[in-house]
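S.K.: Have a look at this one.
The values are calculated or read from the model by the stated rules, or taken from the named source; none is laboratory data. Here the structure is a predicted model, which means the values were calculated and not measured. When we count neighbours, we look across all protein chains shown, and the Cβ atoms used for this are built from the backbone with ideal geometry, even at glycine.
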Amino acid sequence: MAIEDVFVTLPVLTTGRLTLRRITEADADALFEIFADDQVTEHYAWDTFTDPEQGRELAVRTVEQYHRREAMRWGLVLPGTDRIIGTCGYTRWARDNRFAVVGYDLARKHWRRGLMSEAVAAVLRFGFDHLALNRVEATVLVGNIASAALLTVAGFRLAGRLAQRAWHRNTFQDVHMFGLIRSAWLTG
Ligand SMILES: CC(C)(COP(=O)(O)OP(=O)(O)OC[C@H]1O[C@@H](n2cnc3c(N)ncnc32)[C@H](O)[C@@H]1OP(=O)(O)O)[C@@H](O)C(=O)NCCC(=O)NCCS
């Protein structure tokens, strides 16, 4: 099996409180609910969802990205349920240079309970152990305090500030790039 097949075979990951599993088209409603919230999308390039069809489109796109080997995004579910409450995964994997870009989002009612820290830790472990990553990156709009705090707690370092890197709500905004290299992750 080629290593790229991992996009399609995406294994289930477990943490203390979460199961991370493939997203399917049946997750459309749950995705809509997560992104139909101005506070979740506040720092995103795209607008808050207003139509359940957007949840379906996102689910379909996510599944297509598995098959095109473009992105691997897990859905987060709590024990005893199968409804996803957030997503986490690699939005890009540069195999030649052995780095990947991580992304995540969580339904607001679950914020600040350490859940995404658990999910990110599992996704990092999978990346370093099974994808042979040497570096993981994340880009965060300056001002996204929660995301920057999450990355810092996960061991990422601020790599720099990219001036006007993002077109966001009709203006160019600065972005912080964070990075975590394997050797730093290993020594914690
Ligand atoms: C970013 C996000 C996923 C964090 O998820 P979470 O489960 O609430 O994060 P955690 O509870 O694991 O918190 C991780 C750390 O960040 C801190 N943190 C989280 N939200 C914070 C906030 N709003 N302000 C300050 N610190 C915050 C926590 O205190 C914790 O640090 P600690 O261990 O020292 O206490 C969530 O806020 C979210 O979905 N935001 C909207 C989507 C988004 O912006 N995604 C990222 C785009 S780059």
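S.K.: Which of the helices (runs of 4 or more DSSP H) contained wholly in region 76-188 include at least 1 residues that are within 12 Å of the ligand (Cβ to nearest atom) and crowded, with 20+ Cβ neighbours inside 10 Å?
M.R.: Correct list: 115-130, 145-153.
S.K.: Which ones in region 14-64 are within 13 Å of the ligand (Cβ to nearest atom) and more than 30 Å from Asp174 (Cα to Cα)?
M.R.: The answer is Thr15, Gly16, Arg17, Leu18.
S.K.: Would you point out which residue out of Arg98, Arg108, Arg157, Arg161 is in contact with a Phe, Trp or Tyr (Cβ under 9 Å, 6 or more places away or on another chain), among the basic types (Lys, Arg) and touching a residue at least 12 places away in the same chain (Cβ under 8 Å)?
M.R.: Result of the check over Arg98, Arg108, Arg157, Arg161: Arg157.
S.K.: Go through region 115-151 residue by residue and tally those that are without any contact (Cβ under 8 Å) to a residue 12 or more places away in the chain and farther than 21 Å from Leu20 by Cα.
M.R.: Number satisfying all stated conditions: 2.
S.K.: Which residue pairs have Cβ atoms closer than 9 Å, lie 6 or more positions apart in sequence or on different chains, and pair a first residue in region 33-58 that is of a type in the set (A, V, I, L, M) with a second residue that is assigned to a loop (DSSP other than H, G, I, E, B) and modelled with pLDDT under 95?
M.R.: Ala45/Arg169
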